[in-house]
Structures are given as C-alpha cells and as structure tokens.
Amino acid sequence: MHESEAEQLIKQAYEAWDAEDWLSAAGLLERVLAGFPDLPESAVWWYDAALAHKFLRNWAKAYELGREAAARAPRGEGEPAHWNLGIAATIQRDWATAREAWTGFGIQLLEGEGEINGRFGPACVRLDTGGEREVVWIDRLCPTRGRVMNVPVTAGRRFGEIVVHDGEPKGRRVVDGREYPVFDELLLFETSDLPTFTVTVKAGQASDIEALVELFLAQGYGAEPASSFELLCACCSEGTLERRRSVHGGAQQVSLAASEEEARRLLDQWVTLTPAGRAWSGLAPVG
C-alpha cells in the first residue's frame, strides 16, 4: 500500500466516523494499519479502530485491537486505551490482561491473579434492556464491574446480578452531600438466581418499611418499596440529581428478591417483631 492510498483510506475512515458508521470506519482503519502498524500516527488509528468496535459491542475485536492500542500508549497516565482494553479484557474474561490494563491506566490493584473482586465503592448504573432504562445502585467489584444492589423493576433484571459498565459517567446522584457517578451498562456479565416477587405490605411508619428492607438485606436478599422509586425524564436522569430516600408508611407494594420460602419467612418475622400496624398479603412472582 502506498502512502497516498493510506491517506485516502484515513480520510474515508474519519468521514465514516463522523457519520457514526463504526463498521466502515473500523474496517478502513484496519486496512491502513495492516500496512502501517507502527507509524507515529498509528497509535491513534489503533485506538480509534478498537473504539469503533467497542461502539459496535464487538468485544473480541475491541480486545484484539485494544491490545495493540494499549501497547503504544503511555503507562500510568490515565490513557483511555488502557481503560478500553480493561473493559474488553474483562468481558473476554482475560483477567491477566485486564489487570495489566488497569495498572497501565494508573489504578493500583491488590496483588493477586484471576478475577478481580475488590471493593471499589458504590456507584449507579443505567440498565438498558429492550429500550427500558432504569438506574440502580451497584457495589463495584472492579473498575468496570458491579453487583446490582436494588431490586430492578425492569422485566428480566434481578437483584445480585453483575453488570459491566462504561467508564464515562452519564449523570450523577448526590446523597447526603456525596456525589456518585451514573454509568451506562454495557452488558449483563453474570445473572442472578434470586427470583423477584411483589407483595403488598401495610406499615404504620416509614421506619417499619426501613426495618423490612434492612431485614432482607441482612440475609443477602433485596427489598425495594414502591415509595423509593422516582420516574425521571432522560435529561434529568443524565444530569446531577440530589436524592433523598423517600419511603413512607401505609399500604404499598414492595419488590422482593429471595426465594418464595425465604420471602414468606422474613415477611412473617417482620410482622412478628412489631405486630401492631404491620401486615402483608398477595405475594406473587414477577415474570
């Protein structure tokens, strides 16, 4: 390939990029890189080709090209080539490469091998399934994975599942003066075995509902009262939103994540602890 041909292909690639034709852009960049893998400009082309495949959710190609991009990027300086490789390697379950990528980005990991299951703090993820969007809290296990800590209302989603999220926040939530990022989900990494149920509860005070939530959480399960949900437009969801937990007493629906046997046991226990003003009925599976 002559340099003049390569220049024309690069021009076409970025025209396709501007049109968000990621497949064409990646293919044209890859044609150039086959002939010119190590020019000073090639590092950018490797990165953009890998990024285009990330946009396409072609994780095998994002991983393959991302390794080349990261190999040409400075280490320890927050270069996004390392971050994107960390995501792709995680999805490919290549934990050695993922660890190397996070370290290359500048993140200090605890020593070890294999799957990364650390404590990276709470954050929020915007689930996206079939056009439905729901923001849930997660417990981050690594820079790109988190365990869902709410009981989602989105059909087919479950408490305790593990999701992979993007690295750029798309919104923030403020709770008690502390900001938490909201990331977009990239894919469902591991499913959860816990089914979801709904139940109608009667509670005298908001503290009764809070006690129910705490009782389920203490056993490794989930409980989500309807009064804690808030519907938002897309613009508000992707902005900075101050949240206050707004549970209240009275009769309301609660979503539960537990086996039916455990859900009944804990609901009965909740009533027994303070019989006055507490009751439940209508336990039913979701989905």
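A short reminder: the numbers here are calculations on the coordinates, not readings from a lab. Everything numeric here is computed off the predicted structure, so don't read it as measured data. Cβ sites come from the backbone with ideal geometry, for glycine too, and all protein chains shown count toward neighbours.
Miscellaneous remarks
- Crossing angle, helix 42-55 versus the chain [Cα axis fit, 0-90 degrees, rounded to tens]: 30
- For region 159-196, the list of chymotrypsin sites (Phe, Trp or Tyr not before Pro) that fall in a loop by DSSP and count at most 10 other C-beta atoms within 10 angstrom is empty.
- Degrees, to the nearest 10: 3-18 long Cα axis against longest axis of the chain: 20
- Seen against the Cα atoms of the chain and their longest principal axis, helix 80-91 is set at about 60 degrees.
- Here the residues 82, 165, ranked from fewest to most Cβ neighbours within 10 Å of their Cβ, fall in the order 82, 165.
- The charge dipole of the chain, taken about the Cα centre with unit charges on the Cβ atoms of Lys, Arg (+1) and Asp, Glu (-1), comes to about 1060 debye, rounded to the nearest 20.
- For region 6-79, the list of GluC sites (Glu not before Pro) that fall in a loop by DSSP and count at most 15 other C-beta atoms within 10 angstrom reads 20, 41, 77.
- Spherically averaged projected area of the chain from its Cα convex hull (nm²): 17.2
- Helix-derived mean residue ellipticity, 222 nm - over the chain, DSSP H n ≥ 4, -39500 (n - 2.57), to 500: -12000 deg cm²/dmol
- Each of 116, 162 was scored by other Cβ atoms within 10 Å of its Cβ. Listed from fewest to most, they are 162, 116.
- Put in order of Cβ neighbour count within 10 Å, fewest first, the listed residues 255, 4, 207 become 4, 207, 255.
- Note on the chain: with a GNM built from Cα contacts shorter than 10 Å, the maximum mean-square fluctuation among 78, 104, 66 falls on 78.
- Between 48, 176, 94, the residue with the greatest mean-square fluctuation in the GNM of the chain (Cα pairs under 10 Å linked by springs) is 176.
- Calculated Rg and Dmax of region 122-190 using C-alpha coordinates, Å: 11.0, 33
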